[in-house]
Amino acid sequence: MNNKICLQRRLQQALTCACCFIAFPAAGQGTSLSLDCPEFSGGPGKPIQTVRYLAADALEGRFSGSEGEACAAQYIADIFKILGLRPAGNSGYFQEVPLASVMTPHAPVGVGRNVLGLLPGSDERLAETVVVIGAHYDHLGLGEFGSTGKAGAIHNGADDNASGVVAMIEAAELLSRGPRPGRSILFIAFTGEELGLIGSGFYTREPAFPLENTSAMVNLDMVGRLEGDAMILYGTGTAPQWEEIIPLANEGPSIPMVFEPSGFGPSDHTSFYTQDIPVLHLFTNVHSDYHGDTDDWDKIDGDGLVRVSQFTANVTRTIANWPTQLTVVPAVGEQAPRTGGGSEVWLGTVPDFTPVDFGVLLAGVTDGSPAEAAGLQKGDILIQIGRFDIGTLQAFSDALAEHKPGDEVLLRYVRDGRVLEAKTRLGDRADRP
Ligand SMILES: [Zn+2]
């Protein structure tokens, strides 16, 4: 999975004409730009093949604004059409999203696309209200920004977040069969999530349905590695009705779940929760391939992904038929985390998002990182950096932001119930291997 393989493959494709050319409207113009996208494969009912298409080297890591991302957008729109969803963008299924932003200086000046498909509600009165199911489809491209892997290698993002897009597609298929729910359901594949929730933020400023008519947002981000563990469900404190709705929805798939009340987190549901919309974020936890160049399709748990899709369909149907609008509980948990930009300091820890009483549980450490030099390992719970206590992920990123590369810091962590200490010199994000 590296750039060379991709180039070889492209060359092969060119020689054998095994690819198809599709037309795609260029930003703000009537002209078309030809894209060299792989031939259609997968689609509804074929979750692993669909992950495989989206996470293929040929899409080059789906960086926002890139050709590979545009191929993914067209592919998702084609599937929405197969499913019979109505186009709900301002240009067919697409909503153009400007990517350059002051908040995210790393974003290229360019245009991404949200992809929107609608399943209209069956109830005359309720159909004016909508439940949003969202999943971002962009990823890190060649890993120049935000990577824990090798820069220059293709970052396929199979779990992050081809898995979420596929769960959305599978849920759409389940929901479009059988009795049509009362409320409308809007499916959105977001661009620009990895650059700082740009696509979902744009949607909430230019919504297809008024935000006050939006009952809830269900976010699918990294749902491909259930593997018999519990799923983490964020946002369970954002509406009192979740207490009744979630057990009803989980009767069939009966997935073990860990509930996290907060509606804020580093994904697209935050854009909706800050607009006072109840949210849920489904998440099968982080792993050592997170944001690396090894997050590939063959590591996806297909059976788990199907169960997550069933739960997604059930919970959405239950919200869509709920007799009243859900009531939001604003600002549960911590403040919204900063997105984009952020600290230039590099420690090299991979957080595990399983909640612990205090501290940040580690899913692993990056090879050659300051965290590795300090002897930190998977399973350690980091509780202090320098003079700062680290109770939560937010406190962790705040503490890093208080330091600069080259600072020598004390790390305090818990391993096997014992508190241990180590010193390390913080690195610079730009110098990651
Ligand atoms: Zn990500």
Margin query: Please list, ordered by chain and number, the residues whose modelled amide H lies under 5 Å from the amide H of residue 346; skip anything fewer than 5 residues away on the same chain.
Written below: 427, 428, 429
Margin query: Applying a 10 Å radius around every beta-carbon, put 312-319, 245-252, 364-371 in order of their mean neighbour count, most first.
Written below: 312-319, 364-371, 245-252
Note to self: Need the list of lysines near residue 404 for cross-linking: C-alpha distance under 25 angstrom, and skip anything on the same chain fewer than eight residues off.
What the structure shows: 150, 378, 423
Item checked: For 197, 99, order by how many other beta-carbon atoms lie within 10 Å, fewest first -> 99, 197
Notebook entry, point to check: Taking Cα pairs under 8 Å and at least six residues apart, what relative contact order does the chain come out at, in percent?
Noted result: 14
Item checked: Cβ charges +1 (Lys, Arg) and -1 (Asp, Glu), total dipole of the chain, debye -> 560
Notebook entry, point to check: So how do 299, 404 line up by other beta-carbon neighbours within 10 Å, fewest first?
Noted result: 404, 299
Next item on the list: Subtract the Cα-Cα distance of residue 41 and residue 229 from 0.36 nm times their separation in residues, and report this length gain in nm to one decimal.
Entry: 64.7 nm
Next item on the list: Using the Kyte-Doolittle scale, find the helices of the chain whose mean hydropathy is at least 0.5 and whose Cα atoms extend 15 Å or more along the helix's long axis, counting only whole DSSP H runs.
Entry: 163-176
Next item on the list: Would you list which aspartates and glutamates come within 17 Å of residue 81, measuring only between C-alpha atoms, while excluding same-chain residues fewer than 8 positions from it?
Entry: 39, 170, 173
Check: In Å and whole numbers, how far do the C-alpha atoms of the stretch 87-232 stretch along each principal axis, longest first?
Finding: 52, 40, 24
Note to self: Projecting each Cα onto the charge dipole of the stretch 192-308 (Lys/Arg +1, Asp/Glu -1 at the beta carbon, about the Cα centre), which of 284, 271, 306 comes out farthest on the positive side?
What the structure shows: 271
Next item on the list: Calculate the spin-label point distance for residue 324 paired with residue 81, positioning each point 7 Å from the Cα along the beta-carbon direction, and give it in nanometres.
Entry: 4.3
Next item on the list: Can you quote the Å³ per residue value for the convex hull of the Cα atoms in the stretch 3-320, rounded to an integer?
Entry: 123
Check: Which of the peptides 411-419, 128-136 is most tightly packed, and how do the rest follow, going by the mean number of other Cβ atoms within 10 Å of each residue?
Finding: 128-136, 411-419
Check: Hey, what number do you get for the chain at 222 nm if only DSSP H runs of n ≥ 4 count, each worth -39500 (n - 2.57), divided across all residues, to the nearest 500?
Finding: -7000 deg cm²/dmol
Checklist line | Förster radius 45 Å - calculated FRET efficiency between residue 244 and residue 144, Cβ distance, rounded to 0.05 | finding: 0.50
Item checked: Förster radius 30 Å - calculated FRET efficiency between residue 213 and residue 251, Cβ distance, rounded to 0.05 -> 0.60
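Just so you know, all these numbers are worked out from the coordinates, no wet-lab data involved. These numbers come from a predicted model, not from an experiment. Positions of Cβ are generated from backbone atoms using ideal geometry, with glycine treated the same way; all protein chains shown enter the neighbour counts.
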